[in-house]
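Encoded as structure tokens, the structure appears first; notes follow it.
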Amino acid sequence: MKTHTKETQAAMTPNSAIQLLKEGNERFINNTMIKRDLLNQVTDTATGQYPFATILSCIDSRVSAELIFDQGVGDIFSARVAGNIVNEDILGSIEFACKLAGTKVVMVLGHTACGAVKGACDNAKMGNLTTLLHKIRHAVKAVSEPTDTTMRNSKNIDFVNEVVIKNVHLTIEDTRSLSPILTEMEDNGEIKIIGAIYDIATGKVSFLD
């Protein structure tokens with residue numbers, strides 16, 4: 001499997017980029033990953049890189065975008081932060097990836113049983129983590145059910161996973177509202193901004209509408 005070139009990247013559309021991610025995850029969950037010469041890909045990308053996707057995911061050690069989408073060296077930009085939230089540094093990085101480096105899709109990837117989301121559900125406080133979790137609290141408040149306050153915590157995994165989904169949607173909203181560059185690119189059909197959820201128990205990625 002060769003690395004992407006300027007020509008193969010340019011020929012790709014946002015929809016075809018999404019399809020590559022879907023096909024990669026299917027290979028991952030079926031244990032039929034493509035055999036790659038990664039060292040050869042290191043050589044191929046030494047003078048330039050032409051990734052087709054940018055993925056913002058959680059730092060969770062089980063959620064490596066390159067692995068779960070069966071991609072090689074130089075295929076994707078991977079931005080990682082607990083709770084897959086955005087700030088100006090992350091947005092600047094994604095703007096570079098799309099506007100200057102040519103990626104066709106931006107994915108916000110949440111995952112089931114997210115520890116950062118659990119912390120936000122419990123209103124946990126610890127050093128700099130407090131500020132980060134405060135951003136996820138918006139998603140906690142946006143999930144209306146259950147109304148019973150004793151069920152709105154990390155012990156209720158169904159509630160946690162609903163917050164995970166809501167957090168992805170809100171991160172996408174923040175991306176669009178805080179980045180005129182990415183919004184314009186999406187409006188022009190140059191990129192798509194999408195959300196997805198990784199199931200840590202099965203390895204399957206579910207793409208959100």
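Read the figures in this text as sums done on the coordinates, not as results from a lab. No experiment lies behind these values; they were computed from the predicted model shown. Here the Cβ positions follow ideal geometry from the backbone for every residue, glycine too, while neighbour counts run over all protein chains shown.
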Fill in the blank from the handout: Any helix of the chain counts here only if DSSP assigns it H throughout, its Cα atoms span 18 Å or more along the axis, and its mean Kyte-Doolittle hydropathy is at least 0.0, and such helices are 129-142, 157-178
Exercise for the section: Could you grab the relative contact order for segment 6-207? Cα pairs under 8 Å, six or more apart, rounded to a whole percent. Expected result: 25
Handout entry: Entry for Rg/Rh (Cα atoms, Kirkwood Rh) (calculated from the structure that is shown) out of (i) 0.94; (ii) 1.01; (iii) 0.99
Key = (iii)
Completion exercise
trypsin sites (Lys or Arg not before Pro) in segment 1-87 lying in a DSSP loop, each with at most 14 other Cβ atoms within 10 Å of its Cβ, come to Lys2, Lys35, Arg62
Practice task
Let me have the 222 nm mean residue ellipticity of the chain computed from DSSP H runs of 4+ only, each contributing -39500 (n - 2.57), with the sum over all residues rounded to the nearest 500.
Solution key: -13000 deg cm²/dmol
Exercise for the section: Grab the beta carbon distance between Asp122 and Leu208, set R0 = 25 Å, and tell me the FRET efficiency rounded to 0.05. Expected result: 0.50
Practice task
Please sort 185-192, 122-129 by packing, taking for each peptide the average over its residues of neighbouring beta carbons within 10 angstrom, highest first.
Solution key: 185-192, 122-129
Problem - For Ile194, distant residues with modelled amide H under 5 Å away - result: Val106, Met107, Val108
